[in-house]
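> My structure is below; once you've seen it, I'll send some questions.
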Amino acid sequence: DKQIYIENNLIFDMNNNEVKAGSASDYGLVVDGVYTQFDNANINSLGGGIGAVDGANVVFNSGNLAVNTTSTSGRYNFYAVGNGTTVTINGGNFSFSSTLNQKRAYIYAGSGATVYVKGGTFGKASTRDGYTAGILGNGNIVITGGTFGFNPTQWVASGYTATESNGTWTVTKE
């Protein structure tokens, strides 16, 4: 099994070294109820990206997170579920398989979870019906920065705006 479970508070400074993790049937990295910080990450997941569960607090500061899978199941770069689970994205480059007609989205936030997007570059959304928003779930998403290959307006925080230019939306303070 290539899945990595994180059960203790941890700070990764990966110095851009690559981690290949997961299989098409699971998440590459699962953070369960603890604080975990990613700096200079270079993660290439064969399943989903980072799963934050059961009150985890995940901070992604910089690097690359790619989900490259042949799975036909829904897969996300960030998957946040469980009451009190928080993911903060301060920067980085986020992508998934180049075949856009797959069940893919960059962020999934389930009920009770909150994802803060303060920066980062997110590519185009999937062309697959039900996944074209690029962000899914009924949790709380708060966007105050970043560049998106899809329209993030419905998640942009009050006092911020998403401006489109040539199919790319940039979120800035008003």
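The values are calculated or read from the model by the stated rules, or taken from the named source; none is laboratory data. This structure is a prediction, so every number in the text was calculated from the model and none was measured. Heads up, the Cβs are rebuilt from the backbone with ideal geometry, glycines too, and the neighbour counts pull from every protein chain shown. Calculation scope for accessible area: heavy atoms of the full protein, side chains included, ligands and nucleic acids excluded. Shrake-Rupley method; radii C 1.70, N 1.55, O 1.52, S 1.80 Å.
> With a Förster radius of 41 Å, plug the Cβ-Cβ distance of A157 and S73 into 1/(1 + (r/R0)^6) and report the FRET value to the nearest 0.05.
Working from the Cβ atoms, E equals 0.85.
> By how many nm would the segment from T88 to Y35 lengthen if fully extended, with 0.36 nm per residue of separation less the alpha-carbon distance?
18.0 nm
> Debye sum, Cα scatterers, region 108-174, no solvent: what log₁₀ I/I(0) at q = 0.26 1/Å?
Values returned for q = 0.26 Å⁻¹ are -1.20.
> Taking each pair of distinct Cα atoms in region 18-174 once, what is the resulting Kirkwood hydrodynamic radius in Å?
15.1 Å
> Here is a follow-up. I'd like the distance separating the alpha-carbon centroids of region 77-91 and region 101-163, in whole Å.
Rounded to whole Å, the Cα centres lie 12 Å apart.
> Any chance you could look up the accessible area of K173 with a 1.4 Å probe, heavy atoms only, rounded to 10 Å²?
140 Å²
> Please give the FRET efficiency for S97 paired with T132, using the beta carbon to beta carbon distance and R0 = 22 Å, rounded to the nearest 0.05.
Calculated value: 0.90.
> Can you give the local net charge around Y131? Use residues other than it whose beta-carbon is closer than 12 angstrom to its beta-carbon, Lys and Arg +1, Asp and Glu -1.
The answer is +4.
> Given the protein chains as shown and a 1.4 Å probe, how many square angstrom of Y76 are accessible, to the nearest 10?
Counting only protein heavy atoms, Y76 exposes about 20 Å² to solvent.
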